[in-house]
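Here the structure comes first, spelled out in structure tokens, and everything after it is commentary.
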Amino acid sequence: MATIIPTILTRSIIEARRKLREIEKYCKTVHIDFADGVFVSNKTFPASVIPLLRTKAKKVVHAMCFTPEWHVQEWKGCKIIFHA
């Protein structure tokens, strides 16, 4: 059986929190995109905000940045996907 994991990609912390509240009603896992504006043209909120996004869902961080290793401690407890 397939698992559907919704993704949040936004610059706004307020919008991310609103989307999380909606998603966690239906999904056990949420994919949060983090983009530094250099590795990819999009830019999201700072990496340090991700732990502050409280949710019942498990968080998977998609690190679209040149230095994901700089943020590993901040994302403790999250699964992390990054580009080699």
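The values are calculated or read from the model by the stated rules, or taken from the named source; none is laboratory data. All values reported here derive from a predicted model rather than from experimental measurement. Methodologically, a virtual Cβ is constructed for each residue, glycine included, from the backbone with ideal geometry; neighbour enumeration extends over all protein chains shown. Protein only, heavy atoms only, side chains kept; ligands, DNA and RNA dropped before computing areas. Shrake-Rupley method; radii C 1.70, N 1.55, O 1.52, S 1.80 Å.
Can you tell me which residue in segment 68-84 is surrounded by the fewest Cβ atoms within 10 Å (Cβ to Cβ), limited to those that are free of Cβ contacts under 8 Å to residues at least 24 places away in the same chain and over 13 Å from the mean Cα position of the chain (by Cα)?
Ala84
Which of the residues that make up segment 54-70 are under 13 Å from Ile81 (Cα atoms) and either in contact with a Leu (Cβ under 8 Å, 6 or more places away or on another chain) or of a type in the set (Lys, Arg) (or both)?
Hit for segment 54-70 is Lys59, nothing else.
Out of the residues in segment 43-57 meeting the condition of being in contact with a Lys or Arg (Cβ under 8 Å, 6 or more places away or on another chain) and in a helix (DSSP H, G or I), tell me which one is most open to solvent (accessible area, probe 1.4 Å).
So, considering only residues that are in contact with a Lys or Arg (Cβ under 8 Å, 6 or more places away or on another chain) and in a helix (DSSP H, G or I), the one most open to solvent (accessible area, probe 1.4 Å) is Pro51.
Scan Val72, Val60 and give me the residue that is assigned to a loop (DSSP other than H, G, I, E, B) and either among the aromatic types (Phe, Trp, Tyr) or more than 13 Å from Ala16 (Cβ to Cβ) (or both).
On inspection, the qualifying residue turns out to be Val72.
Quick check on this structure: which one of Val30, Val40 is closer than 21 Å to Ala2 by Cα and either open to solvent by 80 Å² or more (accessible area, probe 1.4 Å) or modelled with pLDDT of 90 or more (or both)?
Residue meeting the stated conditions: Val30.
What number of residues within segment 1-42 are small (Gly, Ala, Ser) and either in contact with a helix residue (DSSP H, G or I) (Cβ under 6 Å, 6 or more places away or on another chain) or in a helix (DSSP H, G or I) (or both)?
Quick first cut of segment 1-42, residues small (Gly, Ala, Ser) only: 2, 12, 16, 35, 37, 41.
Next, only the ones that are either in contact with a helix residue (DSSP H, G or I) (Cβ under 6 Å, 6 or more places away or on another chain) or in a helix (DSSP H, G or I) (or both) stay: 16.
Qualifying residue count for the region: 1.
For segment 33-69, name all the residues that are farther than 16 Å from Ser12 by Cβ and acidic (Asp, Glu).
Asp36, Glu69
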